[in-house]
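Contents: one structure, followed by commentary.
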Amino acid sequence: ARAGRDRIAGGADVQIKIACVGKMKERYLVEASAEYEKRLSRFASIEIAEVADEKTPDSMSRAEERRTTEREGERLLARIDAKEHVIALVIGGKKYTSERFAKRIDTLAAEGKQRLTFVIGGSLGLSDAVQSRANETLSLSDMTFPHRIARIVLLEQIFRAFKILRGETYHK
């Protein structure tokens, strides 16, 4: 695991992508995302791949919801390369403490999976096709978050993971 830690500590070999539905519109979220992207860039290359979201009226049939997630899913899959290790954020995904999440990133890097892509769906979640493409799943909490807030929480946790792996202090 030491080799993976060195690789992560240097940051050059780790690439993080967040493929997500929807563009940040609210200024406070744009600023928070930019701040964590800047902080994270010390440790790894970071890319945010936003795809357009579909309109989601309050009353949609299950078939309409499925078509919506399928269209968003097609856009997400178009932004994911075959060599990327995909981690889909879903209800019921694996839950980690911050320390165990850091260890998971370290393990993936040590296994040569240095192109990590986290996928966040829109308000209706992820399509079956995107979930099938995922190598693993992740849940940030048992609580429900708007997908734009989930992006900020994910960025913060990835940043925290790198701080943990480098043995650097970070507020608790």
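The lone criterion from (1) more than 27 Å from LYS25 (Cβ to Cβ); (2) surrounded by 18 or more Cβ atoms within 10 Å (Cβ to Cβ); (3) among the polar types (S, T, N, Q) left unmet by SER132 is number (2). For the range 60-77, the count of residues that are part of a loop (DSSP other than H, G, I, E, B) and surrounded by 20 or more Cβ atoms within 10 Å (Cβ to Cβ) is zero.
Within the option set ILE48, ILE87, being of a type outside the set (Phe, Trp, Tyr), open to solvent by 20 Å² or more (accessible area, probe 1.4 Å), within 15 Å of LEU154 (Cα to Cα) and touching a residue at least 24 places away in the same chain (Cβ under 8 Å) holds for one residue only, ILE48. Looking only at residues of the range 135-149 that are hydroxyl-bearing (Ser, Thr, Tyr), assigned to a loop (DSSP other than H, G, I, E, B) and open to solvent by less than 80 Å² (accessible area, probe 1.4 Å), we find that the one that is modelled with the highest pLDDT is SER139.
Just so you know, in the range 1-45 the residues that are at pLDDT below 55 and over 19 Å from THR117 (Cβ atoms) include one that is least open to solvent (accessible area, probe 1.4 Å), and it is ALA9. Restricting the range 97-116 to residues that are outside any helix (DSSP H, G or I) and open to solvent by less than 60 Å² (accessible area, probe 1.4 Å), the residue that is nearest to GLU156 (Cα to Cα) is LEU116.
The values are calculated or read from the model by the stated rules, or taken from the named source; none is laboratory data. The shown structure was predicted, so the numbers you read here are calculated from the model rather than taken from an experiment. Cβ atoms come from the backbone with ideal geometry, glycine included; neighbour counts cover every protein chain shown. Surface areas here come from the heavy atoms of the whole protein model, side chains and all, with no ligands, DNA or RNA. Shrake-Rupley method; radii C 1.70, N 1.55, O 1.52, S 1.80 Å.
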